[in-house]
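Read through the structure below, which is laid out as structure tokens, and then see the notes.
The values are calculated or read from the model by the stated rules, or taken from the named source; none is laboratory data. This is a predicted model, so every value here is computed, not measured. Glycine also receives a Cβ, built like all others from the backbone with ideal geometry; neighbour counts cover every protein chain displayed.
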Amino acid sequence: MKFEVTPFIFETSNSFYCYDDTTKVVIPINKAEKLFLESVNTDEEVDLSTIQQKNNQDISYLLNRVNTLGMFQIPYKKYELSSKTLETSLKEKGIFHLCLVVTEACDFRCSYCIFSDYYEFTKSYSSKKMDFDTARKSIDYYFQQNTKAMLHNPYVSFNIGFYGGEPTLNWKLIEAVVKYVKTEYSDIFDNINFLMTTNGFTLTEKRIDFLAENHFIVSVSLDGTKENHDRNRVTHQLKPTYNVIFDNLKRIEKIYKSKKYPKFSYGILITFDNLTDFKVLDDFFLKNKFLDDRIQLIAPVSEFGTEYYKNQNNRELLKKRTDFIFNLMEKAKQKEFEEHTTNFSLFLLKNMISIPLLYLNYSVSQLRGACTPGHHKLTVDPLGNFHMCEKSNPDLYIGDVHKGIDKDRQIEVMSKYQSLIESKCQECNLKNVCQICYVSATSENGNYFISDSYCEKFRKSFKKSMSNYYELLEENPSLLIKLRK
């Protein structure tokens, strides 16, 4: 037999494990099996008869399991890319999310924003605003495609998101779009969802009522304490924003608690960097439970294609973070830990453990973490051009509101990306869980590039996540059930 893919080995305090990227299977191994798997050469056949003659029962048993499960056998499989494939996908699955970039203007100048000068290959702020005609054409196209898809999948949903810049700076358009959708489509479809990501600075009580009445899912950015938040999130005049955002969140919570709008959903997004003190934030959320209960996402500032972290090598703070994470992991091994900790800490554990492990549920991803452009998310810029994502390079457009999705542009974008994946990732033993995508692999002029440092960081992160996950699985499996809900 021959190993087509190198085994991926990780360990906990007490055990060794091996992960196979082909089957997504993890098997426990002993030290002898670990040494054997580490010595595997994908260019050579494994001589089963020699192993059996040596009466090495552990290795023989291991190889029988590998053979039975079909582990380490499937090399890279090329994605079938054609106009027909794309047409069939759109017809059968529709478009999951319509993302309307209603403005490229913003009243904040957050230092870590992907549209800031720290990110070389993304668009910058501008005064462009979407008009109603562009929004209407986008919506009509979206409903037209998804109505066709309902013939194949009756559970197709309609998700319309408002993004920027800062979307509330084009508030009249948001109101007009909601009115149009309700007038033209709500009588036909009852599964229409409105979403908005906002800095929360201009959320008056009247606007909050509007969002609540229309059952918006609202995400507001708040980076914890005043000191941590105001360090990065300032107005275009470089003034602090924390006090206004905190007061507006209290206003939202008051409206929510009135139970006037039972379907109103809101939450907060937290972004951290190397200067963020997790212990200080944990204490903050312990004192502000109404915010702790509303955490939707905790994410690091993106480190790819940016020089943001260039001057963030504070060893003392990084040591404090390492200690906090270590103590958190130790506490998490205790029974009923989840009943006595903050939601903030639970989300950190999710980031460390559950989120990477969820990738194991995916089918073999021939495009790695990339989507089919315009199908998972169709992003429309203020001028009516179609893009695959609100964060993507503006040169990578894939159509417009007048002609719809351009399959030739889709194929061009995907072909360039696929060529890179074929040359770079063919022998990787984590390619089916890798989350590299068009945005994280973008370089100048719409070309793609994957740095060795990206791969090294991902491998290190995945290995640590697997080790942490199985460490807790051995000690406190009930916690993992809660984290995965």
Cβ pairs under 9 Å, 6+ apart, first in the range 143-161 and within 19 Å of residue 194 (Cβ to Cβ), second aromatic (Phe, Trp, Tyr) and part of a helix (DSSP H, G or I): 158/142; 158/143; 160/142
Counting only residues that are outside any helix (DSSP H, G or I) and of a type in the set (Asp, Glu), which one in the range 174-216 is farthest from residue 258 (Cα to Cα)? 187
Regarding residue 175, is this residue over 25 Å from the mean Cα position of the chain (by Cα) and more than 20 Å from residue 135 (Cβ to Cβ)? no
For the range 150-173, how many residues meet the condition of being surrounded by fewer than 18 Cβ atoms within 10 Å (Cβ to Cβ), assigned to a helix (DSSP H, G or I) and not charged (D, E, K, R)? 1
Out of the range 406-428, which residues are buried (at least 20 other Cβ atoms within 10 Å of the Cβ), of a type outside the set (A, V, I, L, M, F, W, C) and within 21 Å of the chain's Cα centre (by Cα)? 417
With the requirement that a residue be surrounded by fewer than 18 Cβ atoms within 10 Å (Cβ to Cβ) and either out of contact with any Pro (no Cβ under 7 Å at 6 or more places or on another chain) or free of Cβ contacts under 8 Å to residues at least 60 places away in the same chain (or both), what does the range 124-142 give you? 124, 126, 127, 131, 132, 133, 136, 137, 140
What's the total number of residues in the range 2-24 that are assigned to a loop (DSSP other than H, G, I, E, B) and among the aromatic types (Phe, Trp, Tyr)? 1
Would you pick out the residues in the range 10-40 that are of a type in the set (S, T, N, Q) and modelled with pLDDT of 90 or more? 12, 13, 14, 15, 30, 39
Of the residues in the range 197-217, how many are buried (at least 22 other Cβ atoms within 10 Å of the Cβ), within 21 Å of the chain's Cα centre (by Cα) and either farther than 30 Å from residue 272 by Cβ or not hydroxyl-bearing (Ser, Thr, Tyr) (or both)? 2
For the range 304-340, what are the residues that are surrounded by 12 or more Cβ atoms within 10 Å (Cβ to Cβ) and in contact (Cβ under 8 Å) with a residue 60 or more places away in the chain? 304, 305, 306, 308, 329, 332, 333, 334, 337, 338
Between a residue in the range 385-402 that is at positive phi and any residue that is at pLDDT below 95 and of a type in the set (D, E, K, R), which pairs come within a Cβ distance under 7 Å, given they are 6 or more apart or on different chains? 399/409
When (1) surrounded by fewer than 21 Cβ atoms within 10 Å (Cβ to Cβ); (2) more than 26 Å from residue 395 (Cβ to Cβ); (3) within 26 Å of the chain's Cα centre (by Cα) are applied to residue 115, the one that fails is (2)
Residue under question is residue 254, and the condition is that it be modelled with pLDDT of 95 or more, assigned to a helix (DSSP H, G or I) and exposed (fewer than 15 other Cβ atoms within 10 Å of the Cβ); does it hold? no
